[in-house]
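Chemist: Below you will find the structure I want to go over with you.
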Amino acid sequence: MALLSKKPIARVQQFLTSKTDDYENWKTRRILGIQPEGSSDWFFTVHMGWWNDEEEPFVDQWKCIQETLKDPKYREGTIWLMGDFNSQDDVRASNVICNGKNAPVVSDHYGVMITV
């Protein structure tokens with residue numbers, strides 16, 4: 001995972017969201033966050049587990065994120081949560097970005113902006 005910023009990065013946070021904490025195990029999940037210089041907002045990227053995974057279910061990881069982000073140090077501004085959610089949540093609207101039409105291509109993956 002990575003986060004890129006046009007502004008200098010003032011603070012960085014990361015934490016474990018899965019029960020598994022083994023670098024070699026693909027079910028280990030972490031969240032990475034940055035706070036750009038001069039901003040009270042936090043930007044986090046995640047790669048969540050599968051919804052129906054019996055060992056590392058999405059819902060347990062989501063609860064961990066919710067509890068951790070209740071910390072007042074994250075609540076001064078807006079929390080932006082981005083990434084691969086592997087979820088079947090109710091999506092009201094979606095827009096493909098970074099596909100060369102709606103925004104420049106920046107990697108070998110397109111982005112999808114959703115409203116839930």
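Chemist: Restricting attention to segment 67-108, and to residues there that are among the basic types (Lys, Arg) and either farther than 17 Å from Trp42 by Cα or outside any loop (DSSP other than H, G, I, E, B) (or both), which single residue is farthest from the chain's Cα centre (by Cα)?
Modeler: Lys101
Chemist: Taking segment 57-85, which residues are farther than 24 Å from Val12 by Cβ and either open to solvent by less than 40 Å² (accessible area, probe 1.4 Å) or among the acidic types (Asp, Glu) (or both)?
Modeler: Pro57, Phe58, Asp60, listed by residue number.
Chemist: I'd like to know if segment 43-51 contains one or more residues that are more than 17 Å from Leu3 (Cα to Cα), buried (at least 17 other Cβ atoms within 10 Å of the Cβ) and of a type in the set (A, V, I, L, M, F, W, C).
Modeler: Scanning segment 43-51 turns up no residue that is more than 17 Å from Leu3 (Cα to Cα), buried (at least 17 other Cβ atoms within 10 Å of the Cβ) and of a type in the set (A, V, I, L, M, F, W, C).
Chemist: If Ala2 passes every condition in (1) open to solvent by less than 70 Å² (accessible area, probe 1.4 Å); (2) not in a strand (DSSP E or B) but one, which one does it miss?
Modeler: If we test Ala2 against (1) open to solvent by less than 70 Å² (accessible area, probe 1.4 Å); (2) not in a strand (DSSP E or B), just (1) comes out false.
Chemist: Could you list, in sequence order, the residues of segment 9-59 that are in a loop (DSSP other than H, G, I, E, B) and within 18 Å of Tyr74 (Cα to Cα)?
Modeler: Hits for segment 9-59 are Thr17, Glu37, Gly38, Ser39, Ser40, Asp41.
Chemist: Another one. Are there any pairs with C-beta distances below 7 angstrom linking a residue in segment 53-74 that is aromatic (Phe, Trp, Tyr) to a residue that is assigned to a loop (DSSP other than H, G, I, E, B) and surrounded by 13 or more Cβ atoms within 10 Å (Cβ to Cβ), with the two at least 6 apart or on different chains, and if so which?
Modeler: Phe58/Met48; Phe58/Gly49; Phe58/Trp50; Phe58/Trp51; Phe58/Asn86; Phe58/Ser87
Chemist: When Gln13 is evaluated against the numbered criteria (1) surrounded by fewer than 17 Cβ atoms within 10 Å (Cβ to Cβ); (2) closer than 18 Å to Met82 by Cα; (3) more than 14 Å from the chain's Cα centre (by Cα); (4) not aliphatic (A, V, I, L, M), which criterion, by number, is the only one it fails?
Modeler: Of (1) surrounded by fewer than 17 Cβ atoms within 10 Å (Cβ to Cβ); (2) closer than 18 Å to Met82 by Cα; (3) more than 14 Å from the chain's Cα centre (by Cα); (4) not aliphatic (A, V, I, L, M), only one is false for Gln13: (3).
Chemist: Need pairs with beta-carbon distance below 7 Å; first residue charged (D, E, K, R) and within segment 1-29, second open to solvent by 100 Å² or more (accessible area, probe 1.4 Å); sequence gap 6+ or separate chains.
Modeler: Here the result reads Lys7/Glu37; Lys27/Glu55, each pair linking segment 1-29 to a residue that is open to solvent by 100 Å² or more (accessible area, probe 1.4 Å).
The values are calculated or read from the model by the stated rules, or taken from the named source; none is laboratory data. Fair warning: this is a prediction, and the values are worked out from it, not measured in the lab. As a convention, Cβ positions derive from the backbone with ideal geometry for all residues, glycine included, and neighbour counts pool all protein chains shown. For accessibility, only protein heavy atoms count, side chains too; no ligands or nucleic acids. Shrake-Rupley method; radii C 1.70, N 1.55, O 1.52, S 1.80 Å.
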